[in-house]
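Enquirer: Shown below is the structure under consideration.
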Amino acid sequence: MEETKLSMYQLYKEMLNNYLSEQSEEVLYNAQQFSKEMMEKDMSPEEMVSLHISVFQEIKPDLPKEVVDSFDLLLEVMIGYGLAYREHQSLRDRQRQLESELNVAARMQQSLLPENKVDMEDVDFGVISVPAGKMSGDYYHYIQDEHGCVGVAVADVIGKGVPAAMCMSMIKYAMDSLPEQRLQPGDLLENLNRVVERNIDDDMFITMMYGSYDPRDHKFHFASAGHEPGFYYRAKEDRFEELETKGLVLGIMPKTSYNESSYQMETGDFIVLLSDGVTECRTEGDFIEREKITDMIRNYKHLSAQEIVNNVYRDLEKMQDFQLRDDFTLLILRKNV
């Protein structure tokens, strides 16, 4: 260690001498490289100032007393600066570690979402889900069984970050463990509620809208656990209706039943499920009207379901100056024939 300090001392002394005599750009460049070497050797700012003082006093032993005294003040200032700088570096290192952990959690969260597309001739399906930050509190789900029935869901975890991701993981695996009820909305929410109530903190809960479409009788059954109401679009009448159904949010009470409602779907009719990040978009300080959402969907109804949700998202994002204030999830299931 002493050899290292002696080497740094000699190197800096030579560099300072050269600069005082030449003041060349080359010496300044060498000084920048010297600072990098200091960082590699973990020298603090006050150690650098102390080095400069020692070298300078050796080169110019007859310095005025005021200059020498000013060095004492500068050294005290740099001691405080050095402590603050090291604390800042420590906080930045911890922030980077947290950022890395959040990136891992975000990738895990993304892996929970379904990947396979709905493959049915008489059903057109589209979904978009965009987090407002790195982690999302929204969750969507869709699945197709051996009879061609399609189950769809949109959920919102009241909370953010890693706890929300953990809740999403629990929802996914709880739904996967209930295959016999997965396309029966009321029963599924009832069973899922028991799992959620036993496994999340009292200050957390989950809203969900779950529905299933049966191509054999063309009926869409749905139930809600306190979730943002979706829409049903009647193609013949060019009219939107709210998916009216009530139910307690998941995780509040262990024994909760959920009522089912249904629609007889005709060709061109479609279901819209969404999160409150869609209806609570703000423009000029005010929440956007739900009727505005349906008008936007109507403008794109001639497109595929995926193109509809993509275009609505882009329009709403633009209206908010490209700054999402909440997680955004929009899902459409349309009967083609």
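The values are calculated or read from the model by the stated rules, or taken from the named source; none is laboratory data. Just so it is clear, the model here is predicted, and its values are computed rather than measured. Positions of Cβ are backbone-derived with ideal geometry, glycine not excepted, and every protein chain shown enters the neighbour counts.
Enquirer: Starting from region 303-315, keep only residues that are assigned by TED's automatic domain parsing to the domain that holds Ser129, then list their pairs with residues that are among the basic types (Lys, Arg) and surrounded by 16 or more Cβ atoms within 10 Å (Cβ to Cβ) whose Cβ atoms are within a distance under 6 Å, requiring at least 6 positions of separation or different chains.
Expert: Final answer for the pair search is Ala305/Arg334.
Enquirer: With the checklist (1) surrounded by 10 or more Cβ atoms within 10 Å (Cβ to Cβ); (2) modelled with pLDDT under 85 in hand, flag the one item Glu58 doesn't pass.
Expert: Just one mismatch for Glu58, condition (2).
Let's see how each residue does on (1) at pLDDT 95 or above; (2) of a type in the set (Gly, Ala, Ser); (3) in contact with a Phe, Trp or Tyr (Cβ under 8 Å, 6 or more places away or on another chain):
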residue	(1), (2), (3)
Glu241	yes, no, yes
Leu250	no, no, yes
Lys255	no, no, no
Asp269	yes, no, yes
Val272	yes, no, yes
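Enquirer: Taking Gly226 as meeting all but one of (1) crowded, with 17+ Cβ neighbours inside 10 Å; (2) in contact (Cβ under 8 Å) with a residue 40 or more places away in the chain; (3) farther than 19 Å from Asp122 by Cα, write down the number of the exception.
Expert: The failed condition is (2).
Enquirer: Given (1) surrounded by 12 or more Cβ atoms within 10 Å (Cβ to Cβ); (2) at pLDDT 85 or above, where does Pro64 come up short, assuming only one miss?
Expert: (1) is the only condition that Pro64 fails.
Enquirer: What are the residues in region 77-102 that are out of contact with any helix residue (DSSP H, G or I) (no Cβ under 8 Å at 6 or more places or on another chain) and surrounded by 12 or more Cβ atoms within 10 Å (Cβ to Cβ), if any?
Expert: Hits for region 77-102 are Val77, Leu83, Arg86.
Enquirer: Name the single residue that is nearest to Glu291 (Cα to Cα) among those in region 189-198 being in contact (Cβ under 8 Å) with a residue 24 or more places away in the chain and over 23 Å from the mean Cα position of the chain (by Cα).
Expert: The first filter runs over region 189-198 and keeps only residues in contact (Cβ under 8 Å) with a residue 24 or more places away in the chain, leaving 189-190, 192-198.
Checking the rest, the ones that are also over 23 Å from the mean Cα position of the chain (by Cα) come to 189-190, 192-195, 197-198.
Details: Leu189: 28, Glu190: 31, Leu192: 32, Asn193: 31, Arg194: 35, Val195: 36, Glu197: 34, Arg198: 38 Å.
Per the stated criteria, the residue is Leu189.
Enquirer: Taking only region 298-327 into account, find how many residues are farther than 18 Å from Asp138 by Cα and buried (at least 20 other Cβ atoms within 10 Å of the Cβ).
Expert: 2
Enquirer: Here's something else I'd like to know. Could you say whether any residue in region 212-223 is under 23 Å from the mean Cα position of the chain (by Cα), within 21 Å of Pro114 (Cα to Cα) and at pLDDT below 95? If you could, list the steps in order and put the result at the bottom.
Expert: In the first step, residues of region 212-223 are kept if they are under 23 Å from the mean Cα position of the chain (by Cα); the result is none.
Looking through region 212-223, none of the residues is under 23 Å from the mean Cα position of the chain (by Cα), within 21 Å of Pro114 (Cα to Cα) and at pLDDT below 95.
Enquirer: Can I ask one more? Is there a residue being in the same structural domain as Gly151 (by TED's automatic domain parsing), over 25 Å from Ser136 (Cα atoms) and in a loop (DSSP other than H, G, I, E, B) anywhere in region 281-296? Break it down stepwise before answering.
Expert: Start the filter on region 281-296 by keeping residues that are in the same structural domain as Gly151 (by TED's automatic domain parsing), which leaves 281-296.
Keeping just the survivors that are over 25 Å from Ser136 (Cα atoms) gives 291, 295.
Next cut, in a loop (DSSP other than H, G, I, E, B) only: none.
No, every residue in region 281-296 fails to be in the same structural domain as Gly151 (by TED's automatic domain parsing), over 25 Å from Ser136 (Cα atoms) and in a loop (DSSP other than H, G, I, E, B).
Enquirer: Of (1) touching a strand residue (DSSP E or B) at 6+ places or on another chain (Cβ under 8 Å); (2) surrounded by 22 or more Cβ atoms within 10 Å (Cβ to Cβ); (3) modelled with pLDDT under 90, Met209 satisfies all except one. Which?
Expert: Answer for Met209: the failing condition is (3).
Enquirer: Still on this structure, please answer the following. Answer yes or no as to whether Met253 is outside any loop (DSSP other than H, G, I, E, B) and over 25 Å from the mean Cα position of the chain (by Cα). Let's see the steps before the verdict.
Expert: Details: outside any loop (DSSP other than H, G, I, E, B): no; over 25 Å from the mean Cα position of the chain (by Cα): yes.
Considered against the rule, which asks whether it is outside any loop (DSSP other than H, G, I, E, B) and over 25 Å from the mean Cα position of the chain (by Cα), Met253 comes out as no.
Enquirer: Being part of a strand (DSSP E or B) and in contact with a Lys or Arg (Cβ under 9 Å, 6 or more places away or on another chain) is the filter here; which residues of region 256-280 pass it?
Expert: Ser262, Tyr263, Gln264, Phe270, Ile271
Enquirer: Only one of (1) basic (Lys, Arg); (2) within 22 Å of Gly82 (Cα to Cα); (3) surrounded by 14 or more Cβ atoms within 10 Å (Cβ to Cβ) is not met by Lys36, so which one is it?
Expert: (3)
Enquirer: Can you tell me which residue within region 297-337, out of those that are in a helix (DSSP H, G or I) and of a type in the set (A, V, I, L, M), is farthest from Asp124 (Cα to Cα)?
Expert: Step one: of region 297-337, the residues in a helix (DSSP H, G or I) are 297-299, 305-319.
Narrowing further to those that are of a type in the set (A, V, I, L, M): 297, 305, 308-309, 312, 316, 319.
Values: Ile297: 15, Ala305: 6, Ile308: 11, Val309: 12, Val312: 17, Leu316: 22, Met319: 27 Å.
Across region 297-337, the extreme among qualifying residues is Met319.
Enquirer: Another question, if that's okay. Considering region 295-337 alone, what residues qualify as being farther than 16 Å from Gly268 by Cβ and of a type in the set (D, E, K, R)?
Expert: If we filter region 295-337 for residues that are farther than 16 Å from Gly268 by Cβ, which is where we start, we get 295-296, 306, 309-331.
Answer for region 295-337, where residues must be farther than 16 Å from Gly268 by Cβ and of a type in the set (D, E, K, R): Asp295, Arg314, Asp315, Glu317, Lys318, Asp321, Arg325, Asp326, Asp327.
Enquirer: Any idea which of Val130, Val157, Val152 is touching a helix residue (DSSP H, G or I) at 6+ places or on another chain (Cβ under 9 Å), in the same structural domain as Leu243 (by TED's automatic domain parsing), of a type in the set (A, V, I, L, M) and buried (at least 21 other Cβ atoms within 10 Å of the Cβ)?
Expert: On the way: Val130 fails: buried (at least 21 other Cβ atoms within 10 Å of the Cβ); Val152 fails: touching a helix residue (DSSP H, G or I) at 6+ places or on another chain (Cβ under 9 Å).
Exactly one of Val130, Val157, Val152 is touching a helix residue (DSSP H, G or I) at 6+ places or on another chain (Cβ under 9 Å), in the same structural domain as Leu243 (by TED's automatic domain parsing), of a type in the set (A, V, I, L, M) and buried (at least 21 other Cβ atoms within 10 Å of the Cβ), namely Val157.
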